[in-house]
Amino acid sequence: MTESVAQPRWDLPAAIALACIVQTIISLLAACTPVLATEIAADRGWNVALIALYAPVLCIARIALTFAVPGLLVLLGGMGLNLACVGISVVGLLCLLPPSLVIVALAPVAMGFATAAMNPASSQILGPRTTPRTAGFIMSLKQTGVPLGGVVAGAAVPILVLRSGWQDAVLYIAAACSVVTLALLPTVRWLNGDRTETRKSESGPLEPLKRLLAIPGMPSFLVAAAIFTAMQLCLRSFLTVYLVELGFGLATAGMMFSVSQGAGMVGQVAWGVVSDRLLT
């Protein structure tokens, strides 16, 4: 074990803030497709019901990349991988622009890759900076970036669409996220530092999964988590489309989407505190 070195007081808050910013950006980019679905379908003459394929494709892409994440962490470090995820998400958002369903279908693939890696990457940054007593709260605080990205998407995307059209909205969002990503590049060396301790596994890629499933109670926990995630993806994928189909305007539907995601931010932190205070 290496001797621990005292870190400045600002180290942990800054690391949490940067991890949260990255997750917010990725979540914002991933939420744009469901929020824009009705506008894109109307403009292209496509069936808006195709949005039903968004979540399954995203999840398949997530699973496909999951087993490569440890190697990517070794190669890029936590913050390097985080910013790579933002870049992939920006490319995914830009895939919405061409009038081709094949290219548009690459959007959820890119978002799936990005969302598969962003949590392990952020955990790689924050793990060495936390203690078991505070891990639940800190990880939950970092994770508020996911619903926050949904809040921003629901509030900002409809405004941009109403002012400039959905294609310009895509370009504005992609450009803004790219600028922020470039601004964060200097933080990679600091956040990675000597904390990237992930080692390439000498066993097969399924060995971590086998060890995970061997933990008592873990299989049932994973089933419950999968059901929860499915419901979460349904809400994010269909809420805006459903409300627009009911006759609400895009701005109203987007705001209701924002409210649902804002509630998730409150719950995220609250359950993190509960896990630290009341659970082992």
| When you count, for each residue, the other Cβ atoms within 10 Å and take the mean per peptide, how do 74-82, 175-183, 135-143, 221-229 rank with the highest first? | 74-82, 135-143, 175-183, 221-229
| request: Any chance you could run the full-extension gain for Ala105 through Ala64? It's 0.36 nm times the residue separation minus the Cα-Cα distance, nm to one decimal. | output: 13.2 nm
| request: Would you kindly state how much longer the chain becomes between Leu12 and Thr252 on full extension, computed as 0.36 nm times their sequence separation minus their alpha carbon distance, in nm to one decimal? | output: 82.6 nm
| How long is the gain from Val179 to Cys234 if the chain were fully straight, where each residue apart is worth 0.36 nm and the alpha carbon distance is subtracted? | 16.7 nm
| Packing-based order for 254-263, 49-58, 27-36, using average beta carbon neighbours within 10 Å, highest first | 27-36, 254-263, 49-58
| query | Over the chain, what percent of the accessible surface lies on carbon and sulfur atoms, probe 1.4 Å? | reply | 70
| query | Quick one: which of 59-69, 115-125 comes out on top by average Cβ neighbours within 10 Å, and what's the full order, highest first? | reply | 115-125, 59-69
| Just from its helices, what would the mean residue ellipticity at 222 nm be for the chain, if runs of 4 or more DSSP H residues each count -39500 (n - 2.57) and the sum is divided by every residue, rounded to the nearest 500 deg cm²/dmol? | -26000 deg cm²/dmol
| query | Rolling a 1.4 angstrom probe over the protein heavy atoms, how many square angstrom per residue are accessible across the chain? | reply | 52
| field | Part-to-part distance (alpha-carbon centres) for the range 67-120 and the range 141-160, which is given in Å | value | 18
| request: Sticking to Cα atoms, compute the Rg of the chain to one decimal and its Dmax as the biggest Cα-Cα distance, whole number, in Å. | output: 19.2, 62
| task | Name the residue farthest towards the positive end of the dipole of the chain from the options Ala30, Pro216, Pro70, assuming +1 on Cβ of Lys and Arg, -1 on Cβ of Asp and Glu, about the Cα centre. | result | Pro216
| task | Please report the relative contact order for the chain, taking Cα pairs under 8 Å with a sequence separation of at least 6, and give it as a percent rounded to a whole number. | result | 31
| said: So the label point goes 7 Å from the Cα of Val273 along Cα→C-beta, right? Which residues of the range 120-142 then have their backbone N under 17 Å from it? | reply: 133-142
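The values are calculated or read from the model by the stated rules, or taken from the named source; none is laboratory data. The structure presented is a predicted model; accordingly, all values stated were derived computationally and were not measured. Note: ideal-geometry Cβ built from the backbone for every residue, glycine included; neighbour counts use all protein chains shown. For the accessible areas, the whole protein counts, side chains as well, though only heavy atoms, and no ligand, DNA or RNA atoms are used. Shrake-Rupley method; radii C 1.70, N 1.55, O 1.52, S 1.80 Å.
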